[in-house]
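Data first, discussion second: the structure below is written as structure tokens.
The values are calculated or read from the model by the stated rules, or taken from the named source; none is laboratory data. Predicted model only: the values in this text are computed from it and were never measured. Please note: Cβ atoms are built from the backbone with ideal geometry, for glycine as well, and neighbour counts cover all protein chains shown. With ligands, DNA and RNA removed, areas are computed over all heavy atoms of the protein, side chains included. Shrake-Rupley method; radii C 1.70, N 1.55, O 1.52, S 1.80 Å.
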Amino acid sequence: MTIFEQPLVKAVGAKAAKRLAALDLETAGDLLRHYPRRYAQRGELTDLDSLAEGEYVTVLAEVEKIQGRKISKRPGYLLEVTVTDGRGLLTLTFFGKGAYIPERELPPGTHGLFAGKVSFFGSGRHLKRQLVHPEYKPLAGGDLTGAAREFAEELIPVYPAAKGVTSWQIADCVRILLDAADLGDDALPEHVRRRHRLIGLSEAYQGIHRPRDMAEAGRARKRLKWDEAFVLQTALARRRRAAAELAATPRPPAAGGLLAAFDARLPFDLTEGQRAVGDEIAADLARTHPMHRLLQGDVGAGKTVVGLRAMLQVVDAGGQAALLAPTEVLAQQHHRSIVAMLGPLAQAGQLGGAEHAEHATRVALLTGSQGAKARRAGLLDAASGSAGIVVGTHALLQEHVQFADLGLVVIDEQHRFGVEQRDALREKATGGRPHVLVMTATPIPRTVAMTVYGDLDTSALTQLPAGRSPIATHVVPSGNRAYWDRAWERIREEAAKGRQAYVVCPRIGDEEPSSSPDDVPEDGPEDDGARRPPLAVLDVAPKLTEGPLHGLRLDVLHGRMHPDEKDAVMRRFAAGELDVLVATTVIEVGVDVPNATVMVVMDADRFGVSQLHQLRGRVGRGRHAGLCLLVTDAVEESKARERLDAVASTLDGFELSRIDLEQRREGDVLGESQSGRRSSLRLLTLLRDEEIIKEARAEATTLVEADPELRDHPALAAELATLVDEERAEYLEKA
Ligand code: ADP
Ligand code: MG
């Protein structure tokens, strides 16, 4: 056992260990990796006027005045210590018998650390900040001995603290560990350290907890960031290697098959990107190892055709392909549009089908809510192999769904699927793993692709098909009557020209306690409770029918409708039998109605940046220019308004995903487990540390190629073993 795994009870004693448990710190490693939030500069006092009410703080200040008095009421004695940063003041209040002690220990002129929860009293110019019964630690000046010695350095580490454990108690415990322990072997190989000028392990832990100057702290941070990046990248490199060793049935392209017939029928030319990515995929499919490829392409980039062409290659080679969609609406739409695109090519065994085409297959649909008969037919088509393509939702993952020869799994809009689900589907292939193609419209910053998706190869469609119309986006302040009226007028104008519109609301509004996933924007801002509930589909729709959209054909779509009902509404909208669809985010992904030109998003500030970008991608898909109006009551210069302005200012999904990432904590990006105690990423940030991640990836790949079992790197192997599996980031589920 290394020092890192040693329980704190053993390392620092039961009493201290109990305190540290409040911070979820259980092992010496937990504590060593509980890094200072910042460093207080000796002599440089904390800005007291900046302390916010309710905040738990550790401040460095000087005692200005001390005043104790007996009071007649219990608890009998009141001590007020006023401390200052040279300008602002903070009152420390102690009651009762215990108040005699600080009176002795904090004579005026003493510098000290004070920790507690900030409360306010008084108001206006007389507003005072106070800490009631704070923890405190006088800092001796000049001659330092004994307990005060740890503050001899210029820099005082300030740790994320909690009730019951102060920053300096944490520092004391860290000191015990650092003084006593040998940190063991360095997991970062020496040649890597040398090449990237990284300091040694114990130097790094000393440097981050007890730096002599900021430069030393900086070197320590860099080295420890490398640890995080390198261990993660080694894990990913090993995964890639393991995957590359799996066997898969090769599905090489065949001349004169379904794919060729499909290409000949295509009403448009493939874009250069579609062609290039198509070639990459075709080559992958021909290999004896399973493809694991991530295809990124902004909304409307034409990923479906790429996926379909890959599926047809596999069918030509005698296998089957499954297309997995995140929602029923999408699965049904995919099924419909694939059948339509294939035309006679999808009518194998049907009268008038095979006659027209030399080659043909069947496209089956399997969803959770299908009637028993349709479902049986779909299951049979999948199991017998008569369906070359099976489209479905999660229902495809169920155990009794069987395939004759599953060769390829295409996962659309993967951000709704977790890693386990990907794995469940892979299991369905008999005789080798199926090839896997993951398609996502959520543009993924490079660093996320290198970490979260580090085990996948990636391709991107970077251009939109020609003839795509631009989308104009405007923020509409809901308080402004003129703007508001104009928004609805625009819908009427478009409807008069035969075009269609979406109105999106954050909530359904059927008064049930929320449970439906499309009810709450997942990456939206946190609700502060005090705000009014977001606008709801079922409230907004009747108001529009009676008011500004009177006379237009309008219907609603949301996640709690019966799937058949949803499908029927989507069909009517797609067929142009409805002018306006009032919906929740069920229409967020993939819905493709080229005739829709306007989208009005109500309470737009309740949605996240990426989500708005996805939503907006539903318009401007045809010949006509798209218009997206983001209605909000967020005031100018608020954070929420800033996000909306960002969405309005660019159509570049990659740029928006950066903004999105910037606004979320890493923990949110990487999934729940990452923000918890065991998180492996504490210092490394995906946004700012691209260079380190890139270099660590290259080093890790080389190392794993040379020594896949890590025989020559036992310390690194041990680190990997403790990197728990849940840590695999599930950005997708959160996005
Ligand atoms: P996404 O990448 O968002 O899934 P889709 O695959 O749904 O995009 O494609 C959007 C629309 O663009 C569809 O109507 C599709 O038929 C059309 N499309 C795809 N590729 C091309 C192309 N090369 N030229 C013209 N239109 C295309
Ligand atoms: Mg799509």
For Lys18, counting only lysines whose alpha-carbon sits under 22 Å away and dropping same-chain residues fewer than eight positions off, the answer is Lys10, Lys117, Lys137, Lys163
Long-range amide H partners of Asp405, meaning residues 5 or more apart or on another chain whose placed amide H is closer than 5 Å, are Gln320
Placing each pseudo-label 7 Å from Cα in the direction of the beta carbon, Glu705 and Glu190 end up separated by a distance in nanometres of 2.4
The stretch 471-650 accessible area per residue, 1.4 Å probe, protein heavy atoms, integer Å², reads 42
Going residue by residue through the stretch 393-405, the Karplus relation 6.51 cos²θ - 1.76 cosθ + 1.60 with θ = phi - 60° gives ³J(HN,Hα) values, rounded to whole Hz and with x marking Gly or Pro, of 9, 3, 3, 5, 7, 5, 4, 7, 7, 10, 10, 5, 7
For the stretch 471-650, the convex hull over Cα atoms projects on average to an area in nm² of 9.8
Per the rule of 0.36 nm per residue minus the C-alpha distance, extending Ile176 to Arg682 adds in nm 179.9 nm
FRET efficiency for Arg42 and Ser123 from the Cβ-Cβ distance with R0 = 25 Å, rounded to 0.05, comes out at 0.10
Taking a ≥ b ≥ c as the square roots of the Cα gyration tensor eigenvalues, with a/c under 1.5 meaning rounded and otherwise prolate when a/b beats b/c or oblate if not, the stretch 170-271 comes out prolate
Eigenvalues of the alpha-carbon gyration tensor of the stretch 3-181, times 5 and square-rooted, give semi-axes in Å, largest first, of 30, 18, 16
Straight-line reach check, Lys694, cutoff 21 Å on alpha carbons, 8 or more apart in-chain or any other chain, hits among lysines -> Lys222, Lys225
Looking only at lysines whose Cα falls under 26 Å of Lys543's and that sit 8 or more positions away or on another chain, we get Lys497, Lys566
Sorted on mean Cβ neighbours within 10 Å (highest first), peptides 124-130, 434-440, 459-465 come out as 434-440, 459-465, 124-130
So, with points 7 Å from each Cα along the Cβ direction, the Ala276-Ala52 label distance in nm works out to 4.5
Burial-style ranking of 264-277, 610-623, average other-beta-carbon count within 10 Å with highest first, yields 610-623, 264-277
By the mean-Cβ-within-10 Å protection proxy, highest first, 219-227, 66-74, 379-387, 367-375 rank as 219-227, 379-387, 367-375, 66-74
Toy charge model, Lys and Arg Cβ at +1, Asp and Glu Cβ at -1: the stretch 471-650 dipole around Cα centroid in debye, rounded to 20, equals 800
For Lys639 and Lys97, extending 7 Å from Cα along the Cα-Cβ vector and measuring point to point gives, in nm, a value of 4.6
